[in-house]
Structure formats: structure tokens, C-alpha cells
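The values are calculated or read from the model by the stated rules, or taken from the named source; none is laboratory data. Only a predicted model underlies this, so the values are computations on that prediction, with no experimental measurement involved. Glycine gets a Cβ as well: all are built from the backbone with ideal geometry, and neighbour counts include every protein chain shown. SASA here: full protein model, heavy atoms, side chains in, ligands and nucleic acids out. Shrake-Rupley method; radii C 1.70, N 1.55, O 1.52, S 1.80 Å.
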Amino acid sequence: MKIREGFIIREVAGSFVVVAVGSAAKEFGGIINLNETGAFLWKALEKGATAEELVSKLLEEYEVDEATARADVDAFVKKLQENQLVK
Amino acid sequence: MPRYKIADVVFDAVPMYKYTVKLCENYAYSGDAQPEFTAAITQADIDAEKAQEGGENFPDYYLESLALFRKLCDYVLTKRQGIIFHSSAVAVDGKAYLFTAPSGTGKSTHARLWKEMLGDRLVYINDDKPIIRWVDGDFYVYGTPWNGKHRLDTNARAKIAAICELKRGVKNSISKISPQEMLLVVMNQTIRPSETDKVDNLFFILDKLLTTVPLYRLECNVSEEAAKISYAAMTGNKI
């Protein structure tokens with residue numbers, strides 16, 4: 001799984017924001033606000049990762065149990081898929 | 001070739017229509033400073049404005065004036081650390097207060113309540129499309145000729161003291177809000193570039209703006225009381 005081309009993540013005024021640039025901007029005019037965990041997962045997905053890899057990364061980086069990490073990853077990936085942000 | 005000074009930027013324009021020249025006449029410049037760029041408006045620029053939402057309803061001469069504004073804003077974003085900020089901007093005792101919200105919410109109405117309350121102490125910097133710039137560590141709001149349907153602007157600038165998001169409500173209440181809360185509001189009231197480097201310019205400016213200027217949200221009905229409440233909170237003064 002990888003974030004589709006044409007989306008950039010930036011930190012602005014204390015929050016993480018994703019916008020579309022280039023040709024992606026023609027279809028996607030929205031602004032996505034991510035919290036810290038969301039930004040962490042997003043950046044991992046920019047390089048490409050499986051759901052399993054995302055869960056491992058979360059467990060490495062944050063103090064969280066596996067069930068929660070898995071649930072968070074699933075919910076996040078689902079949101080991205082619903083909005084056609086990953087391929 | 002008319003020369004203008006808007007938002008402290010001197011530039012030449014090559015318009016096709018008299019409408020544009022008339023619109024900008026209060027900003028004509030005849031000083032010694034050299035122009036920073038030339039804005040030549042082409043039919044392609046006008047067609048691009050026509051392709052924008054609702055653009056097909058407007059005549060070419062009006063769209064030309066929008067195209068000129070877009071070129072100026074692009075220059076200011078790229079070179080002068082500024083953005084267009086769709087808002088009603090007023091100055092009281094030399095300090096500027098900006099009311100922002102989607103069109104139709106009531107920015108101009110609220111600004112007018114302040115005007116009725118404060119009379120000559122209040123000056124309209126721009127009631128619709130001011131430019132704001134980060135200059136020497138402070139944010140200034142500038143008058144522009146694109147001044148809204150009531151034609152309210154002044155060729156002047158003032159330091160921004162506070163920004164307020166307006167929301168329609170039943171009761172009047174004002175509260176401070178965080179940069180995160182205001183970020184999405186502001187991003188919807190400015191031009192969103194599609195090039196990465198321009199987006200980075202925009203975010204640089206927004207980061208500075210939202211972390212240095214006091215931010216408020218006002219829920220209001222259209223009443224004098226709403227104006228008194230926002231004035232007291234944003235200026236720290238009693239009316």
C-alpha cells in the first residue's frame with residue numbers, strides 16, 4: 001500500500017495537514033487534518049508499507065498494545081481507502 | 001501602461017479593458033520606485049477565470065480584473081510573503097481587525113455594526129479581498145481595489161491585532177481559538193496554489209500568522225450586542 005502521487009504532508013501551526021498538488025489538485029480540493037499518529041502512519045505509507053508493517057512501526061514508536069495498534073491502523077487505512085488516497 | 005502600488009508592491013499592468021483601469025485608479029502610482037513586475041492580461045487569463053466556479057456569469061472585463069488580482073497575489077505569495085485573505089478588514093485606532101467566514105455568513109454586516117458603533121474611529125481597509133503580508137516580523141493588512149459589493153476600501157495598511165472567525169448563532173459569544181482550529185478556516189478563504197513550492201510559501205505564512213496573531217471565534221446573531229462583545233474581546237476596550 002502506498003499513498004497516491006500528488007499528496008504532500010506538512011506541519012503548519014502545530015498540526016499536520018495534507019493537500020493535493022499538481023494534477024492531483026484538479027480532483028482533490030480538500031484539506032486533510034491528521035493527528036500525530038495519523039501523520040506517523042501517513043509518512044510510513046509515503047514510502048509504502050503493508051498493514052502488518054504499519055502495526056509493527058506503531059508498536060516500535062508508541063506505548064500501545066497490539067490490539068489498539070491494529071485497530072488504529074485498520075481504521076486509518078479504511079479512511080484513506082474511502083477517500084482514494086492510497087493505492 | 002498604468003502603474004500601480006498595491007500591498008506596497010509597485011507593478012505595471014497591461015489591461016485590455018477600461019473597467020480594470022477605473023477599478024484600480026485609487027492605487028495608481030507615479031512615484032520613483034521601479035516596478036517589480038508587469039502583469040499582462042491575456043484572453044487565456046480571462047478564459048481561466050471564466051472556467052472558475054461561477055465564472056461564466058461574468059463579463060470579460062470583470063474577469064480581467066480578477067485575473068489581474070490573481071497575478072498580483074501570485075507575486076505576493078512567491079516573493080513578498082503575503083496572501084489574499086477573504087475577509088472584512090477594519091482599522092480602529094490604527095490597529096486592524098479581520099472578520100473571516102465563508103461568503104454570506106455576515107462578515108460585512110458585522111464590520112458595519114462596528115462602523116455604526118465607532119463612527120470615524122473606524123476605517124475600512126478592505127471589505128472583501130485584502131492582502132495580508134508578513135513584513136519585518138509583523139502582519140499587515142493592505143487595502144486593495146477588490147473591495148466587495150459595498151465598495152469599501154482604503155489605500156492604506158494597518159498592523160493586524162486580531163482575526164475573528166464568524167459563525168451564525170442564536171446567542172452571541174466569543175472565545176479564543178487555537179491555531180489548528182483557525183487553519184482550516186483560513187485555508188478556505190485564500191487562494192490554494194497547486195505547485196508544491198507555492199504551497200510551502202503559503203504554509204510558511206500561515207504558520208507565522210496563526211502563531212503570532214490572537215485568534216477568535218464569534219458566534220453571533222445580527223445585533224449591536226454582538227458587535228459590543230466582539231469589540232470588547234478583540235480590543236480589550238469597553239465601547
Quiz item: Can you pull the three principal axis extents for the Cα set of chain B, in Å, largest first?
Solution: 49, 39, 36
Quiz item: Taking K and R as +1 and D and E as -1, what net charge do the other residues with C-beta under 14 Å from the C-beta of B:Ser173 add up to?
Solution: +3
Quiz item: About the Cα centre of region B:1-77, what is the dipole size in debye to 20, counting +1 per Lys and Arg Cβ and -1 per Asp and Glu Cβ, all else neutral?
Solution: 220 debye
Practice problem: Could you state how much accessible area B:Ser175 has, in square angstrom rounded to the nearest 10, with a 1.4 Å probe and all protein chains kept in place? | Solution: 60 Å²
Quiz item: In a Debye calculation with equal point scatterers on the alpha-carbon sites of chain A and no solvent, what is log10 I(q)/I(0) at q = 0.16, 0.24 Å⁻¹?
Solution: -0.61, -1.25
Quiz prompt | Shape box of the protein assembly as shown [Cα atoms, principal axes, largest first, Å] | solution = 66, 50, 39
Quiz item: What ³J(HN,Hα) values, in whole Hz, does the Karplus curve 6.51 cos²θ - 1.76 cosθ + 1.60 give for region A:19-30 when θ = phi - 60°, with x put for Gly and Pro?
Solution: 9, 8, 10, x, 5, 4, 5, 6, 9, 10, x, x
Quiz prompt | Inverse of mean 1/r across different Cα pairs in region B:88-132, Kirkwood, Å | solution = 10.5 Å
Self-check item: Unit charges at the beta carbon, dipole of region B:93-200: most positive-side option, B:Ala96, B:Val199, B:Gly148
Solution: B:Gly148
Self-check item: Interchain or long-range residues, amide H under 5 Å from B:Val10's placed H
Solution: B:Glu36
Quiz item: Any idea how far apart B:Asp138 and B:Thr38 come out in nm if each label point goes 7 Å out from Cα toward Cβ?
Solution: 3.6 nm
Self-check item: Lys/Arg +1, Asp/Glu -1 at C-beta; region B:152-239 dipole; positive extreme among B:Ser175, B:Ala232, B:Asn188
Solution: B:Ala232
Quiz item: What residues have an amide H closer than 5 Å to that of B:Gly169, excluding those fewer than 5 places away on the same chain, when H is modeled at 1.01 Å from N in the peptide plane?
Solution: B:Cys220, B:Asn221
Quiz prompt | Semi-axes of the equivalent ellipsoid for region B:117-239, Cα gyration tensor, largest first, Å | solution = 25, 19, 14
Quiz item: Within straight cross-link reach of B:Lys176, meaning Cα distance under 19 Å, which lysines are found once same-chain residues fewer than 8 apart are removed?
Solution: B:Lys95, B:Lys107, B:Lys167, B:Lys208, B:Lys228, B:Lys238
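Taking N as the number of residues in region B:184-235, what is its alpha-carbon radius of gyration divided by 2.2 N^0.38 Å? If you can, show how the numbers build up before the last one.
Numbers: Rg = 15.2 Å, N = 52, 2.2 N^0.38 = 9.9 Å.
In units of the 2.2 N^0.38 Å rule of thumb, it is 1.54.
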Practice problem: Give me the lysines in straight-line cross-link reach of A:Lys57: C-alpha distance below 27 Å, same-chain residues under 8 apart excluded. | Solution: A:Lys2, A:Lys43, A:Lys47, A:Lys78, A:Lys79, A:Lys87
Practice problem: Alpha carbons only, please: Rg and Dmax for region B:1-42, in angstrom. | Solution: 9.7, 28
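Treating the beta-carbon of each Lys and Arg as +1 and of each Asp and Glu as -1, no other charges, what is the dipole magnitude of region B:153-239 about its Cα centre, to the nearest 20 debye? List each step's numbers first, then the result.
On the way: 12 positive and 10 negative charges, 65 e Å.
Computed charge dipole of region B:153-239: roughly 320 debye.
Quick check: with the 1.4 Å probe, what order do B:His110, B:His86 take by accessible area, largest first?
B:His86, B:His110
Taking square-rooted eigenvalues a ≥ b ≥ c of the alpha carbon gyration tensor, is region B:59-150 rounded, prolate or oblate, where a/c under 1.5 means rounded and, failing that, a/b exceeding b/c means prolate?
In terms of gyration-tensor shape, oblate.
Would you please calculate the Kirkwood hydrodynamic radius of region B:157-210 over all C-alpha pairs and express it in Å, rounded to one decimal? Please report the intermediate quantities before stating the final value.
On the way: mean 1/r = 0.0763 Å⁻¹.
About 13.1 Å for region B:157-210.
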Exercise. At most 11 other Cβ atoms within 10 Å plus a DSSP loop assignment makes a site exposed; report the longest stretch of chain B without any exposed trypsin sites (Lys or Arg not before Pro).
Key: B:1-148
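Going from most exposed to least, what order do A:Glu61, A:Glu46, B:Glu165 have by accessible area with a 1.4 Å probe? Provide the component values of the computation, followed by the final result.
Values: A:Glu61 110, A:Glu46 70, B:Glu165 15 Å².
So the residues, ranked largest to smallest area, are A:Glu61, A:Glu46, B:Glu165.
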Self-check item: FRET efficiency, 1/(1 + (r/R0)^6) with R0 41 Å, evaluated for B:Ser173 and A:Tyr62 via beta carbons
Solution: 0.65
Quiz item: Counting pairs of Cα atoms in region A:37-82, how many percent are more than 16 Å apart?
Solution: 23 percent
Quiz item: With charges only on Cβ, +1 for K and R and -1 for D and E, what is the dipole size of the protein assembly as shown about its Cα centre, in debye, rounded to 20?
Solution: 1020 debye
Exercise. Indicate the residues belonging to region A:1-19 that lose 20 Å² or more of solvent-accessible heavy-atom surface (probe 1.4 Å) upon moving from the chain alone to the assembly of all protein chains, ignoring ligands and nucleic acids.
Key: A:Ile8, A:Arg10, A:Val12, A:Ala13, A:Ser15, A:Val17, A:Val19
